[in-house]
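Where a number appears in this text, it was derived from the coordinates with a stated rule and is not lab data. Note that the coordinates shown come from a computational prediction; the quantities given were computed from them, not determined experimentally. FYI the Cβ positions are ideal-geometry reconstructions off the backbone, even for glycines, and counts take in every protein chain you see.
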Amino acid sequence: MTVRSKVAVIGAGAVGTSLAYALLIKRIAGEVALYDVNKAKVEAEVLDLAHGSQFFNPSSIYGGDDLEVVRNANVVVITAGAKQSPGQSRLDLAATNVAILHELMPKLVRLAPDAIYVLVTNPCDVLAYAAVKFSGLPTNRVFSSGTVLDSSRLRWQLAERTGISTDSVHALIIGEHGDSEFPLWSQAKIGPIPLLDWKINGMSPLTSDELDEIAAAVKNAAYRVIEGKGATNYAIGLSGARIVEAVLRDEQAILPVSSVLHDYLGISDVALSVPTVVNAQGASRVLEFEITDGEAAKLKASAATLSESLRTLGLK
Ligand code: NAD
C-alpha cells in the first residue's frame with residue numbers, strides 16, 4: 001500500500017461495491033470512500049464492508065450520500081449510472097450516463113483536483129471522452145477501464161482451451177469496450193510461443209473458426225452474465241482494482257485502458273483501448289506497434305463507431 005492512498009468510488013451498486021471490496025481485500029488502497037445518491041444503499045454497503053475490517057486492516061472504508069467524502073482522493077473511479085438491461089447495447093445507455101457525468105465531473109474535480117479519474121460506467125469509452133471535456137483535465141488523467149475486463153475474459157478463454165495458466169497467456173482485446181472490440185491475434189502468445197503457432201498435444205494450432213468462436217464468446221460475455229444474474233460485478237471489480245493498483249504503485253504496467261487518442265495509427269479525438277503504460281500519471285503513454293492490415297482496419301472501424309456515437313450525443 002502507498003503511504004497515502006485514498007480511492008473514491010462513485011456509485012455503490014453491484015460494480016462499485018465489488019470494486020471497493022477488491023481494493024480492500026487486496027490492500028491496494030489505504031482508504032476507500034464510497035459515494036452514492038441512494039443514502040440507504042450506500043450506508044448499508046459501507047457498514048457491511050466495515051464489518052469485515054478486522055480482515056483487511058489497516059485499510060478503512062467510509063462513505064455516504066454527501067459528495068464531500070471524495071475530498072482529496074488520489075484516484076476516483078466512477079461506476080455511477082444506469083446499467084445495461086438484458087438485450088440493451090452499451091451505447092443505448094449513453095445519453096443518461098453522459099447527463100449524470102456532466103453534473104458530477106466538475107464537482108468531483110473541485111473536491112479532488114489532483115486525482116486520476118477512471119471511468120467504468122458504460123459506455124466507458126464515450127464517458128472517458130465526455131469526462132475529459134467536462135473536466136478540462138489532461139487526457140492522461142481521465143481514462144476508462146476500456147478492455148481490461150475483456151482482455152481478462154480472453155485470457156481465461158485461452159487458458160481454458162490450452163490448459164495453460166492465465167498468467168502465461170498474453171493476449172489483448174483492443175478497440176471499443178463493446179460490440180466493435182476485437183482480439184489482437186497477431187500479437188497473442190502462450191508463454192514465448194505465438195498463439196497462431198500453438199499446438200495442442202502435437203495437433204494443429206487453434207483453427208480460425210475456434211479463434212472466431214473465442215472472440216465472439218468474449219464479446220458476448222457480459223450479455224450472458226447479465227441474462228443470468230442481472231449484472232456483471234466481480235471481474236470488473238478486480239479489473240478496476242488492478243488499474244488503481246497500477247496508478248497508486250506507479251507501476252508502468254501495460255494495460256488496455258481507453259484514453260483519448262491523438263494520431264494513433266491515424267486515429268484522433270476518440271477514446272478507445274490500446275496498450276497503454278499506466279503509472280502515477282494515469283494513462284501516461286500509448287504504445288505503437290506493428291499490427292496486421294486487417295487489425296488496423298478493425299481498429300479504425302471501432303474508432304469510427306465511437307466517433308459516430310460522440311457526434312450523435314453532441315459531444316463533438
Ligand atoms: P447499479 O445499478 O447496481 O449501480 C449503479 C449505482 O449508481 C446505483 O447505486 C445508483 O444509485 C448510483 N447512481 C446513479 N446516479 C448517481 C449519481 N448521480 N451519483 C452517484 N450515484 C449514482 O449498476 P452496476 O451494475 O453497478 O453498473 C454500474 C455501471 O458500470 C453501469 O453503467 C454498467 O454498465 C457499468 N459496467 C461497466 C463495465 C466495464 O467493463 N466498463 C463492466 C460492468 C459494468
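What to note about this one:
- Per the Debye calculation on segment 176-235 with a single equal scatterer at every Cα and no solvent contribution, log₁₀ I(q)/I(0) for q = 0.19 Å⁻¹ amounts to -0.82.
- Exposure proxy shown here: for 105, 203, the number of other Cβ atoms within 10 Å sets the order, fewest to most, as 203, 105.
- For residue 61, the residues 5 or more places off, or on other chains, whose built amide H falls under 5 Å of its own are 32.
- For segment 38-166, the gyration tensor built on C-alpha atoms gives an oblate shape. Its axis ratio a/c (a ≥ b ≥ c) is at least 1.5, and a/b is not larger than b/c.
- Of 54, 252, 187, the residue with the greatest mean-square motion in the GNM of the chain, using alpha carbon springs below 10 Å, is 54.
- Net charge over other residues, Cβ less than 12 angstrom from the Cβ of residue 299 (K, R count +1; D, E count -1): -3
- When both segment 42-84 and segment 280-316 are represented by their alpha-carbon centers, they are found 32 Å apart.
- Mean-square fluctuations from a GNM of the chain, with a 10 angstrom spring cutoff on Cα atoms, peak among 202, 30, 175 at 202.
- Share of Cα-Cα pairs in the chain lying beyond 30 Å, as whole percent: 31 percent
- Applying a DSSP loop filter and a limit of 16 other Cβ atoms within 10 Å to the trypsin sites (Lys or Arg not before Pro) in segment 177-259 leaves 249.
- Packing order of peptides 298-305, 129-136, 287-294, highest average first: 129-136, 298-305, 287-294 (average count of other Cβ atoms within 10 Å over each peptide's residues).
- Three-way shape label, segment 38-113, alpha-carbon gyration tensor, a/c 1.5: oblate
- Gyration tensor verdict on segment 161-316 (Cα atoms; rounded if a/c is under 1.5, prolate if a/b is larger than b/c, oblate otherwise): rounded
- Sorting 156, 185 by the number of Cβ atoms found within 10 Å of their own Cβ, with the fewest placed first, yields 156, 185.
- DSSP beta bridge pairing in the chain, given as percent antiparallel to the nearest 5: 50 percent
- Among 37, 225, 57 - extreme Cα towards positive end, dipole of the chain, charges at beta-carbon: 57
- Dipole magnitude of segment 1-101 about its Cα centre (Cβ charges: Lys, Arg +1; Asp, Glu -1), debye to nearest 20: 340 debye
- Listed peptides 12-18, 255-261, 192-198, 167-173 by packing density, highest first (mean Cβ within 10 Å): 255-261, 12-18, 167-173, 192-198
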